[in-house]
Structures are given as C-alpha cells and as structure tokens.
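The values are calculated or read from the model by the stated rules, or taken from the named source; none is laboratory data. These figures come from a predicted structure and were not determined experimentally. Methodologically, a virtual Cβ is constructed for each residue, glycine included, from the backbone with ideal geometry; neighbour enumeration extends over all protein chains shown.
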Amino acid sequence: MNATSITQTIKAKAALVDPERYGRSDRSAIGRWFWEVDKVLLLMVAVLIGMGLIAVAAASPAVAQRYSGGSVRVGDLYYFYRQIGWIALSLPVMILVSMMPRERARRLSLIGAAVFIGMMVLVPIIGPSHNGAKRWLEFGFGQVQPSEFLKPFFVVGMAWLLSFADGQNKWLVYGLSAAVTGTIALLLMLQPDFGSTIIFVSVWVAMLAIAGLDLKILGGLGVAGVIGVILAYFFYPVATVRIDGFLFGEGDNFQVENAMRTLTAGGLFGMGPGGGTRKFGLPEPHTDYIFSVIGEEFGLIACIAIACLYLAIVARVLIKLLDEEQPVALLAAAGLAVEFGLQALINMLVNVHLAPSKGMTLPFISYGGSSMLALSIGMGLLLAFTRRNPYLTRSPYVVKWGGETGRE
C-alpha cells in the first residue's frame, strides 16, 4: 500500500467519526454527554424513579399516621412531597457526575472514599443513636449516613486498586484490597449494620472474580464467608436476633411476616392506589417495606415488573462491558452494577420472607434523602464509566477529534 492509499484510508476512517456528518455539531460538554451516555440505561433509571414516586405516594399516608401517634397531622402526602424535593436535588447531581471524564470520576471516587471512611470512624464515637444503632452523623442541615455514600466510591476505588493486580504484585494488591474491605466491614459491624457489611464484602468478592482471581481462592473466600456468618450468629448479637427471627420465628420476625402478607394481599393486580389497608401495620412502609406496599396496591404483576427492570439494568451494563478494554472502567462499572442489583435483591428477598430483615432501601424507589443522593452519585458514576462515542470505530488508526483520540 503506497503513501497515497494510506492517506486516503486515514481520511476515510476520520469521515466515519465526523460530528457534522451525524448532526453532532454541538461539541459542548452537554452535547457530547447527550450523544455518549447510555440513553436506554438512563431511561430505565427514570422509569424506576417514576415508579418510586408513585410507591411513596401510596405509602405516605401510612407512615404519616404512624409518626403522628394515630392521627394524620403532617398531611397524607407529606413524604411524597419531600421525596419530590430529594429527587429534584439528586437528579442534577447524577447528571453532573455522569458528565465527568473517567479519570476525573476516578479521582472523585478516591477522595470520596477517603472522606467517608473517615466519617465512618466518627460514627460510633459521636453519632446519634436510633433504635440501638449508630449509623449517622448530624450536621446543621440534617443527618448523613456515611456508609450509603461510601458504597459507590468504594467500588470505583477498589476497581482502581485491582487494576494494578498484574504479575508479581498481584498478591500485594489483593492483600491491600482485603485490608481496606476488612476495615470497612469492622466499622460497619460497630454501628451495627450487618446488611451493609454483607454488601461491601460480596461486591469485593465479585470484583475479585472479574479481576481474574483463581477459582479455588474464590471458593475459599466463599467458605470463609459462610464461616463468618456462623461466627456472627454466635458472637454478634444483631446477627443472632435477625437470624433467629428468620429461621425460628423469634424476635422481630413479625416484620417480615407482615410484609409478606401485605405484599400478597393485593393479588395479581392489587387493590388500586390508596386501597391498601395492611400497609398501615408495616413498621417502615416508605423505606424498608415499600415493595410490600407496591404488591398490596398495584399487585404482584407490578412487583414482577420492577424486579425485571432491576435485572434489565444490571444485564445491560454487564453486556455493554463485554468489549470494554480499560480495566478500571470494566471493574468499576461491573462493580457498581453488582452493588446496585444486590441491594435491590436483598430488599426484595426481605419483603418476600426469603431473607432476614436488614433495614435496606429499594434503590430509587424507597423514600430517603441520603439514600436517593447516594444512589444518584452511584448511578452517575456508572453512566460515566459506560459512556461511549457511538461513532468512533475501533481500528489501528488513531483519529483525533475535539482534542481527544478515538482510542482510549
């Protein structure tokens, strides 16, 4: 191939990514974000948020009456209006985070992880106690649960660390990742927050598997996890109470049993918006047990649709990553998807009486300020790490456009 042919070939490759050719004349940050972001994933998240608003509206009268001592004084839709406010605050945060380049998102996550681990150290010392647990820090504007904000930052930080697991230094990297995860698990157990401990450890193991850890070692970690749960049952009072309640019907088992009865009370198609009555007997109908409220008022069909939507979000991310070449992006996006799906799965399992009560929200559906804001940051990071230029072709040619190269 002569020089003229090579030049013509390079120009042809460049034409494939010409923004003018595809109507992408807007090279601003917002314009580039619009064309690169996964719109299907963004749409599915928007649907979840919309479903969450409807569910919170359905649960709001029950929680308003419960917290008003038997008479609704704060207004039937008080929590619904507050949730609208939290969404109005969280959505811009999600969009802004998703617009970040991958390198900037990684740096943000490392700083965020360090900050919120530091805050978790303070929680058992100065945090207020609620129902025997210390999981929050009080500020002038309200309370913040550091562990919720740490989840997405932990995943991206761990992805960055595990990306160095290559060659002779891989065991050092694996050891450091175990030390970080163990420290976080210890801080969570002090709160106590057994459910979040399981999520952090499970996501870490999943990321080790994606990073290529030997299957025998992964099996050993699985056995160690089972042993850890057994030891927690005998020596960790919170785990003892939850497991006894789940297995033997002791302690707070009433909550999960009542949740199951509420979920199935509406049958396939539900009692209709506002028609549910069992939700007034649930302890936290707007947060931990909102899935049961959905079942009572909108039916099992709605519950199945929501479960399928969570599955579709996780599956889309994992399929999209099949041709990802950057180790950090692959590990970060996969870890964020696993963490998101695992939290949803645990909440739904609790509501259908297949897991002990854990006090865990249903992502983007349950009411909550810290939860909504933290989930929006996590989804923003996920969108940032899955952003692709749809018109850049993978080829041996490097085509410059807008100050960036076609190959990362």
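In summary, Val293 fulfils each of the numbered conditions (1) among the hydrophobic types (A, V, I, L, M, F, W, C); (2) closer than 30 Å to Thr386 by Cβ; (3) buried (at least 24 other Cβ atoms within 10 Å of the Cβ) with the single exception of condition (2).
Got at least one residue in the range 219-238 being of a type outside the set (D, E, K, R), closer than 16 Å to Leu354 by Cα and either surrounded by 17 or more Cβ atoms within 10 Å (Cβ to Cβ) or out of contact with any Lys or Arg (no Cβ under 9 Å at 6 or more places or on another chain) (or both)? Give the derivation first.
So the first thing to find is which residues in the range 219-238 are of a type outside the set (D, E, K, R), and the list is 219-238.
In the following step, the residues that additionally are closer than 16 Å to Leu354 by Cα were identified as none.
The answer is no; no qualifying residue exists.
Considering each residue of the range 171-183 in turn, none proves to be under 23 Å from Leu362 (Cβ atoms) and either free of Cβ contacts under 8 Å to residues at least 12 places away in the same chain or in contact with a helix residue (DSSP H, G or I) (Cβ under 8 Å, 6 or more places away or on another chain) (or both). Among the residues of this structure, Phe364 counts as one that is crowded, with 24+ Cβ neighbours inside 10 Å and assigned to a loop (DSSP other than H, G, I, E, B). Please work out which one of (1) touching a residue at least 60 places away in the same chain (Cβ under 8 Å); (2) acidic (Asp, Glu); (3) part of a helix (DSSP H, G or I) is the condition Glu284 fails and give its number. It fails just one condition, (3). Counting the residues of the range 189-236 that are of a type in the set (D, E, K, R) and without any contact (Cβ under 8 Å) to a residue 40 or more places away in the chain gives 2.
Taking the listed residues Leu268, Leu311, Leu263, the one that is surrounded by fewer than 23 Cβ atoms within 10 Å (Cβ to Cβ) and in a helix (DSSP H, G or I) is Leu311, with no other qualifying. Counting only residues that are surrounded by fewer than 19 Cβ atoms within 10 Å (Cβ to Cβ), in contact with a helix residue (DSSP H, G or I) (Cβ under 9 Å, 6 or more places away or on another chain) and either of a type in the set (Gly, Ala, Ser) or part of a loop (DSSP other than H, G, I, E, B) (or both), the range 77-108 holds 3 of them.
Within the range 314-351, can you find the residues that are acidic (Asp, Glu) and either part of a helix (DSSP H, G or I) or out of contact with any Leu (no Cβ under 8 Å at 6 or more places or on another chain) (or both)? Walk me through how you get there before you give the answer.
Filtering the range 314-351 for residues acidic (Asp, Glu) gives 323-325, 339.
Hits for the range 314-351 are Asp323, Glu325, Glu339.
Note on the range 330-357: residues that are at pLDDT 95 or above, over 18 Å from Val45 (Cα atoms) and among the small types (Gly, Ala, Ser) total 1.
Residue by residue, here is whether (1) assigned to a loop (DSSP other than H, G, I, E, B); (2) under 22 Å from Val350 (Cα atoms); (3) in contact with a Pro (Cβ under 7 Å, 6 or more places away or on another chain) holds:
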position: Ile217; (1), (2), (3): no, no, no
position: Val229; (1), (2), (3): no, yes, no
position: Leu247; (1), (2), (3): no, yes, no
position: Gln255; (1), (2), (3): no, yes, yes
position: Ala259; (1), (2), (3): no, yes, no
position: Gly274; (1), (2), (3): yes, no, no
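Only one residue in Met51, Met44 is under 34 Å from the mean Cα position of the chain (by Cα), buried (at least 18 other Cβ atoms within 10 Å of the Cβ) and at pLDDT 95 or above. Which one? Step through it out loud before you land on a result.
Values: Met44 fails: buried (at least 18 other Cβ atoms within 10 Å of the Cβ).
That would be Met51, the only listed residue that is under 34 Å from the mean Cα position of the chain (by Cα), buried (at least 18 other Cβ atoms within 10 Å of the Cβ) and at pLDDT 95 or above.
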